[in-house]
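Contents: one structure, followed by commentary.
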There are 2 protein chains.
Amino acid sequence: MFPIIRRIGALTRLIQIDSNRYFKDDKLNNNLFIYIIRVVERPGLFLGALADDMQIDRTTSFRTVQNLIKRDYLRLAADPANRKIKRVYPTEKAKAIYPKLHAYEAAKSAQLLANLTPTETAELQRLLEKCQA
Amino acid sequence: MFPIIRRIGALTRLIQIDSNRYFKDDKLNNNLFIYIIRVVERPGLFLGALADDMQIDRTTSFRTVQNLIKRDYLRLAADPANRKIKRVYPTEKAKAIYPKLHAYEAAKSAQLLANLTPTETAELQRLLEKCQA
DNA sequence: ACAATATAATTGCATTTGCAATAAAGGAGT
DNA sequence: ACTCCTTTATTGCAAATGCAATTATATTGT
């Protein structure tokens, strides 16, 4: 029943379990590593935009960012033109660990698609983009 | 970067946010409704097998099942041949609410795939099955 | 300019989550 | 039968999660 929607959820949970194990020692489990990746790639988003970009609850995102600020991975900067927002930037510590995080994501992506031909991978990407949540 | 693995995670989180809202009043959010669906469909799995079937952490699954037992949706039965395991069965209350849960899953599945032709849907299913987490 | 509405950040609080440890069986090899 | 190893269920504890409410600022309408 509904194999596609169930498979998508199952794959996500399996990847989450794996990443939680992999990043436990760095304490970057529970998607924390994803925040660092995204902020390094797109520095300067404000808190709400970052949460929306990752499709994560704004409160959870806010607390996670606070956690990473305390641990010197991220920092906030006020916006001169808009006092409501705070923009999120990576620290040197975040940039330093980024290659490891990127390598993990690359490896998981490669593993996920290992049985697919390049044509199939392109087609899967196209079809997933057509999905609407 | 890595659009497929990111898209899969994003779709899962969007579906989770939607289902949390939809099932808030029934207090069947946070995937609780999925447990009921699965147990009605496959009654008699033992606790660990149920968790593995849903790709959910065994401790989390255990506590969730306890929650649903307390609320009269599920019940446990000892196995006469194996005293280590407890099998999970749905109650009448679970069977009564199952159509609503099934309808929600059907609607979300239909929405997800609304822009795909039947051929594309079949191809997406095939490609997702080839993915390995 | 002023009021009403909307958006962003933040906090309170209760619940969920999951690693690690423990307890109770079961299974395999001798 | 006995020891060792595995599997299952369970609990303790600390952390993550997210709804609802609050505060501050910005935007829109008149």
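3J(HN,Hα) along the stretch A:45-55: 5, 7, 3, x, 5, 4, 4, 5, 4, 9, 6 Hz, from the Karplus curve 6.51 cos²θ - 1.76 cosθ + 1.60 with θ = phi - 60°, whole Hz, x for Gly and Pro. Amide hydrogen proximity for A:K86: with H placed 1.01 Å from N in the peptide plane, the residues at 5 or more positions away or on another chain lying under 5 Å are A:L47. Modelled spin-label separation between B:K70 and A:M1, with each label point placed 7 Å from Cα along the Cα-to-Cβ direction: 2.6 nm. If I fit a long axis through the Cα atoms of helix B:92-112 and take the longest principal axis of the Cα atoms of chain B, what angle between them do I get, 0 to 90°, rounded to 10? The two axes meet at around 10 degrees.
For chain A, the spread of Cα coordinates along the three principal axes comes to 48, 33, 26 Å, biggest extent given first. Proximity of backbone amide H atoms, modeled 1.01 Å from N, is registered between B:L74 and B:I69, B:T91 at under 5 Å, excluding neighbours fewer than 5 places apart on the same chain.
Counting Cβ atoms of other protein chains within 10 Å of each Cβ in A:113-124 and taking the mean gives 4. Nearest 10 degrees is fine. How inclined is helix A:58-70 to the longest principal axis of chain A, computing both from alpha carbons? It is inclined by approximately 60 degrees. Residue by residue along A:10-21, Cβ atoms of other protein chains within 10 Å of the local Cβ number 5 on average.
What separates the Cα centres of the stretch A:30-107 and the stretch B:66-93 is a distance of 43 Å. Applying the Kirkwood pairwise sum to the alpha-carbon positions of the protein assembly as shown produces a hydrodynamic radius of 20.4 angstrom.
Specify the angular offset, from 0 to 90 degrees and rounded to the nearest 10, of the alpha carbon long axis of helix A:32-41 from the longest principal axis of the alpha carbons in chain A. Here the helix axis deviates by roughly 80 degrees. Other residues whose C-beta falls under 9 angstrom from the C-beta of A:L116 contribute a net charge of -1, scoring Lys and Arg +1 and Asp and Glu -1.
From helices alone, chain B scores -20500 deg cm²/dmol at 222 nm; the rule is -39500 (n - 2.57) for each run of n ≥ 4 DSSP H residues, then divide by the residue total. For the residues of B:52-61, the average number of beta carbons from a partner chain within 10 Å of their own beta carbon is 2.
Just so you know, all these numbers are worked out from the coordinates, no wet-lab data involved. Predicted model only: the values in this text are computed from it and were never measured. A quick note on method: Cβ atoms are made from the backbone with ideal geometry, for glycine too, and the neighbour counts reach across all protein chains shown.
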